[in-house]
């Protein structure tokens with residue numbers, strides 16, 4: 001069955017004219033039809049449209065590195081002429097008039113878009129239960145969450161209703177769902193991939209990244225979406241290496257750091273055991289494993305929950321019912337229209353973060369909160385830079401627990417926020433991070449996080465590729 005093949009294999013078969021793009025899309029469409037009602041990964045499926053485009057490609061010579069390949073897109077990345085809801089009632093009927101830069105780059109290479117995936121509203125959450133439409137379920141156990149906020153993008157790749165997908169990561173929103181769904185998820189260095197057309201949550205933290213089941217597929221996708229974009233002032237003029245070539249280099253002699261402070265957090269016993277086995281295996285593959293110290297990471301969650309909500313408060317001020325999006329039907333004056341629109345249009349988690357951020361930025365509190373959090377952020381970055389003088393990359397579990405049950409943390413925001421305790425420091429420091437599947441506990445996946453030096457995604461992909469040859473996680477498919 002074509003839906004079981006890797007993206008790289010499918011592209012090879014299309015190039016050799018052994019299969020047609022329409023056959024590929026049809027295969028994934030059938031898989032989508034079998035699984036979607038049980039898991040609910042998509043807000044807006046676009047398979048029929050993709051199939052129509054694929055039939056046009058059937059008549060053409062293969063051109064472009066993703067020619068005829070289906071890709072799912074997180075519903076906070078805009079596609080021209082399609083709905084972009086951000087999982088929110090306030091944007092329920094918003095249709096984008098333009099393409100995000102990453103979408104332009106994928107189109108140029110011949111990719112086909114099979115749908116917009118579910119997410120926590122405005123990417124604020126760790127479980128995809130905060131979507132205004134419905135929760136997404138974990139493909140390995142439908143009573144559990146797929147992680148968040150990119151839960152739909154992770155679930156569709158785990159299910160193989162799409163071979164690849166794009167997500168966004170502000171504090172762990174690619175790596176945490178990748179861990180919970182048993183797939184690979186990479187968050188590039190801040191500035192590596194253009195944010196033009198990504199609906200902003202926290203502008204100094206957000207980064208677009210990729211999900212896949214095979215390292216080679218992820219490397220190709222990352223290569224295509226990376227690179228400078230003059231339309232994004234935070235996009236860096238840094239050369240993009242050939243990740244597909246770099247990943248094949250030997251990992252013998254690489255020094256891997258284990259931050260002792262990460263193990264001072266509460267990490268579930270089973271997760272710790274799987275991670276320890278993974279570290280031992282890395283040693284067997286020729287890596288040198290050493291302890292490092294990141295003394296300020298214990299302040300990462302408090303700092304993050306000042307910086308991110310502050311930026312969210314500013315970014316979400318534009319949703320006021322005036323120019324686009326939802327507008328309340330019943331109001332007497334402009335101020336009432338603003339307040340009722342926002343009250344009816346935003347969900348409880350988004351409101352909570354707007355209030356936190358507005359308070360942190362208010363007169364008399366800015367220095368005490370936002371400015372202090374930014375200083376802590378700098379210290380966390382310096383900790384990482386000091387550690388990287390000793391090691392080539394840093395490893396940790398991706399999340400402190402196995403996937404938790406639906407509803408289990410909805411009434412306890414602090415517990416929910418602590419799901420990202422191991423991923424948030426990476427965003428604060430602007431570093432690249434990847435989550436790779438490293439084991440199973442009672443058929444639930446466990447992910448390991450690899451953190452790289454700035455602009456060094458290549459080393460993370462090298463380790464992921466070498467590990468994949470041993471572990472072959474992609475051979476296991478959820479029985480939905």
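Quick note: the coordinates plus some simple rules give every number you see, no bench work behind them. Since we're looking at a predicted model, the values are computed, not measured. Methodologically, a virtual Cβ is constructed for each residue, glycine included, from the backbone with ideal geometry; neighbour enumeration extends over all protein chains shown.
In Å and whole numbers, how far do the C-alpha atoms of the chain stretch along each principal axis, longest first?
For the chain, the Cα spread along each principal axis is 64, 55, 44 Å.
If you count the DSSP beta bridges with both ends in region 52-204, what percent of them are antiparallel, to the nearest 5?
Restricted to region 52-204, the bridges split so that about 25 percent are antiparallel.
Taking only DSSP H segments of four or more residues, each worth -39500 (n - 2.57), what value at 222 nm results for the chain once the sum is divided by all its residues, to the nearest 500 deg cm²/dmol?
The helix contribution divided over the chain gives -11500 deg cm²/dmol.
Would you mind pulling out the separation of the Cα centroids of region 424-480 and region 91-163, in Å?
That distance is 19 Å.
If you average the C-alpha positions of region 365-405 and of region 186-241 separately, how far apart do those two centres end up, in angstrom?
Using only Cα atoms, the two centres lie 20 Å from each other.
Using a cut-off of under 19 Å, list every residue of region 380-417 whose amide N is near the label point 7 Å from the Cα of residue 442 along the Cα-to-beta-carbon line.
Answer for region 380-417: 399-410.
Within a 10 angstrom radius of the beta carbon, how do 224, 477 rank from fewest other beta carbons to most?
477, 224
Need one number: convex hull volume per residue for region 228-269, Cα atoms only, in Å³.
For region 228-269, the hull spanned by Cα atoms encloses 213 Å³ per residue.
Report the normalised scattering of region 235-316 as log10 I(q)/I(0) at q = 0.11, 0.16, 0.23 Å⁻¹, calculated by the Debye formula with identical scatterers on the alpha carbons.
At q = 0.11, 0.16, 0.23 Å⁻¹ the computed log10 ratios are -0.57, -0.96, -1.05.
Test of understanding: ordering 337, 385, 416 by Cβ neighbours within 10 Å, fewest first, what list do you get?
Listing 337, 385, 416 from fewest to most nearby Cβ atoms yields 385, 337, 416.
Please list 168-178, 363-373 highest first by mean number of surrounding beta-carbon atoms within 10 Å per residue.
168-178, 363-373
Pull up the DSSP beta bridges for the chain and report the antiparallel fraction as a percent, rounded to 5.
Here the antiparallel bridges make up roughly 70 percent for the chain.
Based on the alpha-carbon gyration tensor of region 354-401 and its eigenvalue square roots a ≥ b ≥ c, which shape applies: rounded if a/c is under 1.5, prolate if not and a/b is larger than b/c, or oblate?
Cα axes put region 354-401 in the oblate bin.
Any idea what diffusion coefficient region 377-416 gets from Stokes-Einstein, in µm²/s, Kirkwood Rh on alpha carbon pairs, 10 °C, 1.306 mPa s?
Estimated diffusion coefficient is 120 µm²/s.
Which shape class applies to region 339-461: rounded if a/c is under 1.5, otherwise prolate when a/b exceeds b/c and oblate if not, where a ≥ b ≥ c are the square roots of the Cα gyration tensor eigenvalues?
Cα axes put region 339-461 in the oblate bin.
Counting other C-beta atoms within 10 Å, which of 287, 86 has the fewest, and how do the rest follow?
Ascending number of Cβ neighbours within 10 Å: 287, 86.
Bin width 5 Å, origin at 0, all Cα-Cα pairs of region 149-296: what percent of pairs per bin?
2, 9, 14, 16, 20, 20, 13, 5, 1, 0
Take the Cβ-Cβ distance between residue 62 and residue 476 as r, set R0 to 25 Å, and report the resulting FRET efficiency rounded to the nearest 0.05.
0.20
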